[in-house]
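Every number in this text was worked out from the coordinates using simple rules, so none of it is lab data. This structure is a prediction, so every number in the text was calculated from the model and none was measured. All Cβ positions, even for glycine, are placed from backbone atoms using ideal geometry, and neighbour counts span all protein chains on display.
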Amino acid sequence: MLKLSHVSKTFNPGTVNAKQALCDLSLTVDDGDFITIIGANGAGKSTLFNAIAGSFITDSGQIILDDTDITLMPEHERARRIGRLFQDPMRGTAAGMTIEENLTLAAGKGGWLSHIDRRQREEFREILSRLDMGLEDRMKQPMGLLSGGQRQAVTLLMATINPPSLLLLDEHTAALDPAAADKVLKITREVVEKENLTCLMITHNMQSALELGNRTLMMDGGDIILDVSGEDRDAMTMQDLLDRFKNISGKALDNDRMLLMHEKEGGKQ
Amino acid sequence: MNLADMGPLLQTALELGLFSALTVLALYLSYSMLNVCDLSTDGCFTMGACVGAVVAISGHPFLSIIAAMAVGVLSGFIVAILQTKMGVESLLAGIIVNTGWYSLNIAIMGNASLLNMNKTETVFTKLKDILAGTFISDAYRLIIALIAVTLVVIFLSLFLRTRLGLAIRATGNNPDMVKSSSINPAFTTIVGLCISNSFTALGGCLLAQSQKSVNIDIGSGMVTIALASLLIGEAVMSKGGITLRAVGAVVGAFIFRLVYTIALRFHMPAYMLKLVSSIIVIVAISGPYFRKRLPLIKRSLNLKKQGIDGEGSADA
C-alpha cells in the first residue's frame with residue numbers, strides 16, 4: 001500500500017520563478033490498484049512520480065510504502081521496491097551494454113563479484129521470449145541496437161524482474177509509434193496482471209485512461225482534483241471526463257496532445 | 001635509419017609504451033567506462049612514484065609496489081569522495097587534488113623534489129641479477145612491464161564482467177538506470193576511481209624504479225599522454241568486447257611511444273612530447289565533432305556560393 005499524506009513541493013522557492021508543483025497532496029493506493037492519471041501540462045503528474053520515486057525530497061508531508069516511511073529515503077534505495085518507466089525509451093537502459101548485461105543489473109542477484117551464469121541466462125531467455133520480439137536470440141547485442149519499442153519492452157521487464165511493490169509508468173508509450181505503443185501496452189497489461197502489481201500510469205490518452213485499470217485520477221495545479229473508480233468510472237465517457245474537469249477546475253483542459261487525441265477519436269466515431 | 005637501429009628503438013618504445021599503458025588502462029576504466037575525466041592522474045602518478053621510491057629506498061622492493069598501489073587507491077578515494085559526496089565538480093576535484101598532491105609528494109620525498117635510486121634494490125635490479133648472463137639479460141624492464149600490464153588487462157577483463165563491473169560500466173552509460181537498479185552511482189564511482197588510480201600509481205612506481213630516479217615532474221602531462229594513447233587505441237579497436245578494447249588501450253600506448261621514438265630519431269626535440277600528445281587528443285576528440293557538423297558546414301558554404309548569406313544557418 002502506498003500512502004501520501006499532505007505532500008508539498010515548491011521549486012525555486014523565494015524567487016520569481018517559484019512554482020508550487022505539489023500542493024498538500026494526499027493519496028492512498030491500495031494493493032493491486034491499477035490507477036491511471038491524467039491532467040493538463042504542468043499539472044504535477046510527473047512531479048508526483050518524482051516525489052514517490054525519490055528524484056527529489058519533498059518539502060513537507062509523508063510518504064509511506066508498505067508500512068515503511070520512505071519520505072527521506074534516497075532514490076536508489078526506493079528503487080528496490082519501486083519500478084519506473086519514463087516516456088523516453090533511452091532512459092531506462094544502458095545503450096552501450098548488452099541486453100543480458102542490462103538484465104543482470106536489474107535482477108541484482110548474486111554477489112558483487114559474480115559473473116552471469118548459465119542458469120541466469122536461461123532465466124533471461126525465458127522472460128525475453130515472453131515479449132515475442134525475438135530478443136531472446138539477441139541477448140549479447142548492445143541495447144543501443146534495439147528500436148524504441150523494444151527498448152521500452154526490455155525496460156518494462158527490468159523494472160518488474162523483481163516484482164516491485166509499486167510500478168510507476170510515466171507516459172511510457174507516448175514516444176513510440178502506434179504499433180509499438182499498442183504492443184508495449186499489451187505487455188504492460190500482461191505483466192501487471194500476472195504479478196498482480198500495484199501500478200500508477202500517467203497517460204495522455206483518455207481512452208486508455210478509462211479502459212485500463214480500476215481507478216482514474218485527474219490532476220491540476222499540483223493536486224488531485226478528481227478521483228473516480230467503480231461504477232462511477234465504468235459509466236464514464238471521455239466527454240464526461242472533459243466536462244468534469246471543466247466544472248471542477250473552472251477551465252478547459254489544455255493538454256494539446258490529449259485534446260488532439262480526443263478529436264481524433266471523436267472523428268472516428 | 002637502418003634495420004639494426006630498429007631493434008633497440010622498438011624495445012625502447014615497447015618498454016615506455018608498456019609503462020604508460022598502466023596509466024592508459026587506468027583511464028580506460030575511469031574515462032571510457034565510468035565516463036569521468038580524472039585529472040588527478042598526474043598527481044597520483046607522481047605520488048605512486050614517490051611512495052614507491054621511498055619504500056624501496058628503505059629496503060622493501062616488493063612492498064614498495066603494494067604501497068604505491070595502496071596510495072593510489074587512497075588518492076582515487078579522495079577524488080571520488082570530493083565529486084560524489086562533497087559537491088565538487090568532477091574536473092575541479094581532479095585539479096584540486098593534483099595541486100595538493102604536489103606539496104604532499106615533496107613531503108613524501110623528505111623535502112626534496114628529486115630522489116635517486118642508483119643503489120636501491122628494486123624488482124628491476126632483482127630480475128636483472130637473475131637474468132644476468134642469459135641472452136635476455138637486457139629485457140628485464142620489458143619483462144616486468146609486460147607482467148604488470150598483462151595482469152592488469154586480465155584483471156580488468158574479468159572484473160568488468162562481474163556485477164560490480166557491470167554497474168561501473170552502466171554508471172558511465174546511464175546513471176539513471178543504475179539508480180533504478182537499486183545501486184548507488186556514488187558507490188560505483190568511488191570503487192571505479194579507487195581501482196583506476198591504483199593502476200596509475202603502479203605505473204608511476206614502476207617507471208620511476210626502472211629509470212632509477214624520481215622527480216616531482218615525473219607525472220606532469222601524464223593524463224594527456226595517456227588520453228592520447230587511449231584514443232589512438234580506441235581508433236584501432238573501436239569495435240570489440242571489453243578485453244579487446246583493453247588490449248587496444250595497450251596497443252595505443254605502444255603506437256604513441258613508437259611514433260614519438262621515431263620522431264625523436266628524426267631530430268624532433270624531446271620537449272615536444274607534450275605538445276604532440278595535446279594535438280593528438282584535440283584531433284581525436286574534435287575530429288568526430290567536426291565530422292558531425294560537416295553537412296551543415298557544406299550547406300552553408302553552398303549557400304554562400306549562391307550569394308545568399310549562410311551565416312545564420314551555420315550557427316543554428
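Annotations for the structure displayed:
- Label point distance in nm, B:CYS37-A:HIS6, each placed 7 Å from Cα along Cα→Cβ: 4.9 nm
- As a length-normalised measure over Cα pairs under 8 Å and 6 or more apart, the relative contact order of chain A settles at 26 percent.
- When chain B is treated as a GNM with alpha-carbon contacts under 10 Å, the residue of B:GLY76, B:GLY252, B:GLY100 showing the greatest mean-square fluctuation is B:GLY100.
- Contour minus Cα-Cα distance for B:LYS292 and B:LYS274 (0.36 nm per residue): 3.7 nm
- Whole-number percent relative contact order across region B:3-268, with pairs defined as alpha carbons under 8 Å at least 6 apart: 39 percent
- Computed helical MRE - 222 nm, chain A, DSSP H runs ≥ 4 contributing -39500 (n - 2.57), nearest 500: -11000 deg cm²/dmol
- For region B:64-158, chymotrypsin sites (Phe, Trp or Tyr not before Pro) meeting the loop criterion (DSSP other than H, G, I, E, B) and having at most 16 other Cβ atoms within 10 Å: B:PHE135.
- Under 16 Å from the Cα of B:LYS126 - aspartates and glutamates, other chains or at least 8 residues apart: B:ASP138
- Lysines whose Cα lies under 27 Å from that of A:LYS246, excluding same-chain neighbours fewer than 8 positions away: A:LYS9, A:LYS19, A:LYS45, A:LYS264, A:LYS268
- Of the trypsin sites (Lys or Arg not before Pro) in region B:186-287, those whose Cβ has at most 12 other Cβ within 10 Å and which sit in DSSP loop: B:LYS239
- Cβ-derived FRET efficiency at R0 35 Å, B:ILE262 paired with B:SER58, nearest 0.05: 0.35
- Test item: B:163-173 mean partner chain Cβ contacts at 10 Å: 6
- Loop-located chymotrypsin sites (Phe, Trp or Tyr not before Pro) in region A:61-168 (DSSP state not H, G, I, E or B) with no more than 16 neighbouring Cβ atoms inside 10 Å: A:TRP112.
- Neighbour-count ranking [beta-carbon atoms within 10 angstrom, fewest first] of B:LYS119, B:LYS128: B:LYS119, B:LYS128
- Taking all pairs of distinct alpha-carbon atoms in region B:76-200, Kirkwood radius in angstrom: 17.8 Å
- B:ILE285, B:ILE216 arranged by Cβ crowding within 10 Å, fewest neighbours leading: B:ILE285, B:ILE216
- Prolate/oblate/rounded call for the protein assembly as shown, Cα gyration tensor, a/c under 1.5 rounded: prolate
- Sorted ascending by nearby beta carbons within 10 Å, beginning with the fewest, A:ARG130, B:ARG291 become B:ARG291, A:ARG130.
- The distance separating the Cα centre of region A:7-31 from that of region A:140-203 comes to 27 Å.
- Cross-link partners of B:LYS274 among lysines, defined as those whose alpha carbon lies under 27 angstrom from its own and excluding same-chain residues fewer than eight positions apart: B:LYS212.
- Using 0.36 nm per residue and subtracting the Cα-Cα separation, the extra length available between B:LEU10 and B:PHE135 on full extension is 43.3 nm.
- With one equal scatterer per alpha carbon and no solvent term, the Debye-computed log10 I(q)/I(0) for region B:182-264 at 0.16, 0.18, 0.24 1/Å reads -0.80, -0.96, -1.24.
- Chain A: most fluctuating residue of A:THR160, A:THR36, A:THR58 per GNM, C-alpha cutoff 10 Å: A:THR58
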